[in-house]
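Take a look at the structure set out below.
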Amino acid sequence: MTTATNIDPAAPGMQTVRATTSSRTRPFYWCLRREIWEHRAIYIAPLVVAGLVLFGYFIRLSRLPQAVRHAANLPWWKQYLEVALPFALAMAAVLVTGAIVGVFYCIGALGNERRDRSILFWKSLPVSDLTTVLAKATIPMVVIPVVVTIAALIVQFVMLAAATGVLAASGSGTQVLWSHWSFAHMSLTLIYLVVTGTLWYAPIYGWLLMVSAWARRMTFLWAVLVPVGLAVVERIAFDTNYVWSLIRYRLKGFIDLAFTQPPRNTTTIDPAALMAPAHFFASPGLWIGLVVAVAFFAAAVWLRRGREPA
Amino acid sequence: MSTIEAHGLRKAFRNTIALDGVDLRVEEGRILGLIGPNGAGKSTLLNCVLGLIPFEGQLNVIGLDPWRARGRLMRDVCFIADVAVLPRWMRVSQAVDYVEGVHPRFDRSKAEAFLARTQIKKTSRVRELSKGMVTQLHLALVMAIDAKLLVLDEPTLGLDLLFRKQFYESLLNDYFDRTRTIVVTTHQVEEIQQILTDMMFIDRGKIAFSCSMEDFESRYVELTARPESVADAYALKPIYERQMLGRTMLLFDGVARDRLAPFGDIRTPSIADLFVAVMGNRQQAQGVAA
């Protein structure tokens, strides 16, 4: 019987070994990590805002028991403002921070590497422009949304726990608070809001990434000036407002699509009950926006490939 | 298969022709010095080779079209384009982690061994390092990659003499072997003369001159002529002459050394001398033609 002790480099077994050594590299993963190394604001900014929000709420807590006792005899919306509004504001603060970080990240993402010529270093490694741009697009599309969701959830949980504790200890009762603010509904709304918002605003991130790959300097100015300029030219030339209404629709149309109006004779606002996912996901505006976003991302890949370092 | 092969390589920018029909062939195991004045097209040529810019004509680098397959190409090709390109915000340890994470031919232990011989701290950021240290770091990363072609574009710009010497010594002793190919451009030609196997002068987008170092050493002789022999030496048709401290130095191409020896001191010229001669003659020829 022949023994299979000959080590032939072309044998299937050896090839498998080789394949596993080279599949050890994970360019996309490391591109993502590299973005987070460079842009620490991605997680620091939401955490700082979360800390500030909590700080403000802890001050508010000192007068919460009295306010709740007082509010027990007031109309529902006054109770709501007293106990639930801070939660909504806290969530909004964290989410808006994430959006701002995303915008500034995109503005610099493909321009800074050309300006400091480090693009020559990145391009000296076997990482394609597609992988690089995909990783950069993943930051505003996935990483920041996940970070703000977690930050907002932690903030809400700490706020609710602290408020419940203070109210229970003071004997004011937690009934008013809990009837207007449910952690489960809030979490659901938060996740829904982040997912739909990210998808809706994808073309804006795509536009900013593309402009940052294209503009030599003053990326923000170009990013704003081009659409505004187009709208102004259209208005003057044709007396129409198509561009402007398109911009407004993209910036403001999202809440109307994703949520319905509260019913008239309600006794609280339960945001989870106002979610309109079917309406949102059936809207052509969403899908057209996503197609445009993909086109912008593709253009950014193309531009990065051919652009010389500035 | 040649490491680099180009035929009729052309690259035009908006208002200049940077490369005007370059034919080039670099075989495996060579160290080619690409020498030329500023704006001659050296960097453009290297950028084409590295797949950073599109071009016209034919270009093959280790069998690949660099513009179409940059990602693949970079597994076998490394480059240090200028000392300033490492991202300033990056930590040394992050740079090593990143390259290890994306490069299949990176050997972390080699990079760490090289870094251990320097003053570089792993926790430092690139912006905190001196210019020489940044180059050492870049070299440490590049030398740990088992590449077929290494491209160096002014790698030692702005470094002091000690760092420059170390840079090329490390490169030659720890990195280069006969299966790798190195292409290097620099203005400090004298410093790399000893390590080159081939040289090429590039001028206004064209290859003005190229030869191997063996040819260079056997073909070219510089004669410092004794005053009474200058006229006799002229009869042998020097390709270039210059005056230095009142003595006449003449450069000869293809004239046997024993024929020149009676007229004065002879030596192998430096690449810089030949460069000045070739470029000076070209400019003169063009001046006459114009």
Identity of the residue in the range B:79-95, assigned to a helix (DSSP H, G or I) and within 7 Å of another protein chain (Cβ to nearest Cβ), that ends up surrounded by the fewest Cβ atoms within 10 Å (Cβ to Cβ): B:Ala84
Counting only helices (runs of 4 or more DSSP H) wholly inside the range A:72-140, the ones holding at least 1 residues that are touching a His at 6+ places or on another chain (Cβ under 7 Å) and among the β-branched types (Val, Ile, Thr) are A:76-83
Kindly indicate which of A:Val68, A:Val49 is more than 23 Å from A:Val148 (Cβ to Cβ) and either touching a helix residue (DSSP H, G or I) at 6+ places or on another chain (Cβ under 6 Å) or at pLDDT 90 or above (or both). A:Val68
Failed item in (1) more than 9 Å from chain A (Cβ to nearest Cβ); (2) of a type in the set (A, V, I, L, M, F, W, C); (3) under 26 Å from B:Gln188 (Cα atoms); (4) free of Cβ contacts under 8 Å to residues at least 40 places away in the same chain, with B:Leu32 passing the rest: (4)
Can you tell me which condition B:Gly264 does not meet? The list is (1) among the small types (Gly, Ala, Ser); (2) within 27 Å of B:Leu32 (Cα to Cα); (3) in contact with a strand residue (DSSP E or B) (Cβ under 7 Å, 6 or more places away or on another chain), and all the others hold. (2)
Go through the range B:50-63 and give me each residue that's more than 7 Å from chain A (Cβ to nearest Cβ), on the phi < 0 side of the Ramachandran plot and within 22 Å of the chain's Cα centre (by Cα). B:Leu50, B:Phe55, B:Gln58, B:Leu59, B:Asn60, B:Val61
Determine the pairs where a residue that is closer than 20 Å to B:Val61 by Cβ, located within the range B:35-47, has a partner that is in a loop (DSSP other than H, G, I, E, B) with Cβ atoms under 7 Å apart, the partner being 6 or more residues away or on another chain. B:Gly41/B:Gly205; B:Lys42/B:Gly36; B:Asn47/B:Ile53
Kindly establish whether A:Ala93 is within 24 Å of B:Gly71 (Cβ to Cβ), within 27 Å of the chain's Cα centre (by Cα), crowded, with 16+ Cβ neighbours inside 10 Å and not polar (S, T, N, Q). no
Has the range B:130-138 got any residue that is at the interface with another protein chain (Cβ under 10 Å from one of its Cβ atoms), part of a helix (DSSP H, G or I), open to solvent by 10 Å² or more (accessible area, probe 1.4 Å) and closer than 25 Å to A:Leu32 by Cα? no
Only residues that are in contact with a Ser or Thr (Cβ under 7 Å, 6 or more places away or on another chain) and surrounded by 16 or more Cβ atoms within 10 Å (Cβ to Cβ): list them for the range A:53-90, please. A:Pro65, A:Val68, A:Tyr80
Residues satisfying the stated conditions in the range B:136-170, i.e. within 21 Å of B:Glu100 (Cα to Cα) and touching a Pro at 6+ places or on another chain (Cβ under 7 Å): none
Name the pairs whose Cβ atoms lie under 8 Å apart, with the first residue in the range B:96-108 and at the interface with chain A (Cβ under 7 Å from one of its Cβ atoms) and open to solvent by less than 40 Å² (accessible area, probe 1.4 Å), the second of a type in the set (Lys, Arg) and part of a helix (DSSP H, G or I), and 6 or more positions between them or separate chains? B:Tyr98/A:Arg33; B:Tyr98/A:Arg34; B:Gly101/A:Arg33
Checking A:Ile154 against (1) surrounded by 22 or more Cβ atoms within 10 Å (Cβ to Cβ); (2) in a helix (DSSP H, G or I); (3) of a type in the set (A, V, I, L, M, F, W, C): exactly one of these is not met. Which one? (1)
Give me the pairs, please: first residue somewhere in the range A:37-51 and in a loop (DSSP other than H, G, I, E, B), second residue anywhere and among the charged types (D, E, K, R) and buried (at least 17 other Cβ atoms within 10 Å of the Cβ), beta-carbon distance under 6 Å, and either six or more positions apart or on two chains. none
Hey, B:Leu157 hits all of (1) open to solvent by 30 Å² or more (accessible area, probe 1.4 Å); (2) under 21 Å from B:Ala113 (Cβ atoms); (3) not in a helix (DSSP H, G or I) but one; which does it fall short on? (2)
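The values are calculated or read from the model by the stated rules, or taken from the named source; none is laboratory data. What you see is a predicted model, and the numbers here were worked out from it, not measured in a lab. Neighbour counts are summed over all protein chains in view; Cβ atoms, including those assigned to glycine, are modelled from backbone coordinates with ideal geometry. Accessible surface is based on the protein model in full, side chains and every heavy atom, while ligands, DNA and RNA are left aside. Shrake-Rupley method; radii C 1.70, N 1.55, O 1.52, S 1.80 Å.
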